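A.B. asks: Sharing a structure, written as structure tokens. Questions coming.
The values are calculated or read from the model by the stated rules, or taken from the named source; none is laboratory data. In this text the structure is predicted, and so the values were computed from the model without any measurement. Ideal geometry is used to build each Cβ from the backbone, glycine not excepted, and the neighbour counts take in all protein chains shown. Quick note on the areas: whole protein, heavy atoms, side chains included, nothing else; ligands and nucleic acids left out. Shrake-Rupley method; radii C 1.70, N 1.55, O 1.52, S 1.80 Å.
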Amino acid sequence: NAGVTQTPKFQVLKTGQSMTLQCAQDMNHNSMYWYRQDPGMGLRLIYYSASEGTTDKGEVPNGYNVSRLNKREFSLRLESAAPSQTSVYFCASSELEGGNQPQHFGDGTRLSIL
Amino acid sequence: GQQVMQIPQYQHVQEGEDFTTYCNSSTTLSNIQWYKQRPGGHPVFLIQLVKSGEVKKQKRLTFQFGEAKKNSSLHITATQTTDVGTYFCAGPLTGGFKTIFGAGTRLFVKA
């Protein structure tokens, strides 16, 4: 049982390039999330999808777009990468929507913008 | 805005010593969750506390939710090298649809 799978695991981009981070879960969860993690700042929510067909902004959405492709997949797109977007990106899922739901995380994507 | 704060930011202990991390919220929480992230890994859900004053144990780990449901603690008895990592608390944002994470406490254990 793979849980939450993220691709790629590592990526280096040049400023201005675009990229899509992929996330898929096989737990039949309804809600999915994208976080970024920077040193000393914990996890900050970028976007989330409460259920298939819906997406909403989190704490730090600027510079990102998302697509909930189906119940399993939730992608994060950087249209024009900036050095400030250098971070570790985690995708997570939960069975139901809500702040009282345990979240299951993928292994992360380590992204560097030069 | 709503905040969840954790102290200390990091702690170094000798193997066998106890360790405690504290989590404080600016608002009352309906529940609090704890996660552990090993170095280079991803956060892993440990436990959720819901009731005022609730105490739960997992082997050497003791989790407590404050009476006012605005603070929580995680205590590890007799730390081991396997306890190394960052411990995060998390709670629901007012409105309940999103989760806010504390900045975490990083634990270093010296053998």
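A.B. asks: Not counting ligands, DNA or RNA, and with a 1.4 Å probe, what is B:Lys70's accessible surface area in Å² rounded to the nearest 10?
C.D. replies: Here the residue's solvent-accessible area equals roughly 80 Å².
A.B. asks: Follow-up question, since we're still on this one. Could you state how much accessible area A:Met32 has, in square angstrom rounded to the nearest 10, with a 1.4 Å probe and all protein chains kept in place?
C.D. replies: That residue has around 0 Å² of solvent-accessible surface.
A.B. asks: Could you give me D for the range B:18-111, from Stokes-Einstein at 25 °C and 0.890 mPa s, where the hydrodynamic radius is the Kirkwood radius over C-alpha pairs? Units µm² s⁻¹, please.
C.D. replies: The Stokes-Einstein estimate is 182 µm²/s.
A.B. asks: Report D for the range A:1-95 in µm² per second (integer): Stokes-Einstein, Kirkwood Rh on Cα pairs, 10 °C, 1.306 mPa s.
C.D. replies: 118
A.B. asks: Evaluate the relative contact order of chain B (contact order divided by residue number), counting alpha-carbon pairs under 8 angstrom at least 6 apart; express in whole percent.
C.D. replies: 37
A.B. asks: Counting other Cβ atoms within 10 Å of each Cβ, which GluC sites (Glu not before Pro) in the range A:16-114 have at most 12 and sit in a DSSP loop?
C.D. replies: In loop regions of the range A:16-114 (DSSP not H, G, I, E or B), the sparsely surrounded GluC sites (Glu not before Pro) are A:Glu79.
A.B. asks: With a sphere of radius 12 Å drawn around the Cβ of A:Val88, what net charge do the other residues whose Cβ falls strictly inside it have (Lys, Arg +1; Asp, Glu -1)?
C.D. replies: For residues surrounding A:Val88, the net value is +2.
A.B. asks: In addition: In the range B:1-67, which trypsin sites (Lys or Arg not before Pro) are in a loop and have at most 15 other Cβ atoms within 10 Å, using DSSP for the loop call?
C.D. replies: B:Lys51, B:Lys59, B:Arg60
A.B. asks: Do the alpha carbons of any pairs in A:Lys57/B:Lys51; B:Lys36/B:Lys110; A:Lys14/B:Lys36; B:Lys36/B:Lys98 sit beyond 25 Å of each other, and which pairs?
C.D. replies: A:Lys57/B:Lys51; A:Lys14/B:Lys36
A.B. asks: Which number do you get for Rg(Cα) / (2.2 N^0.38 Å) in the protein assembly as shown?
C.D. replies: 1.02
A.B. asks: Give me the net charge of A:Asp38's neighbourhood, meaning all other residues with Cβ under 15 Å from the Cβ of A:Asp38; Lys, Arg count +1, Asp, Glu -1.
C.D. replies: Overall, the nearby charge balance is +3.
A.B. asks: Here is a follow-up. May I ask for the net charge around A:Leu111, where only other residues with Cβ less than 13 Å from the Cβ of A:Leu111 are counted and Lys, Arg are +1 while Asp, Glu are -1?
C.D. replies: Local net charge: +4.
A.B. asks: How large a share of the accessible area of the protein assembly as shown, in percent, is made up of carbon and sulfur atoms when the probe is 1.4 Å and the other protein chains stay in place?
C.D. replies: 50
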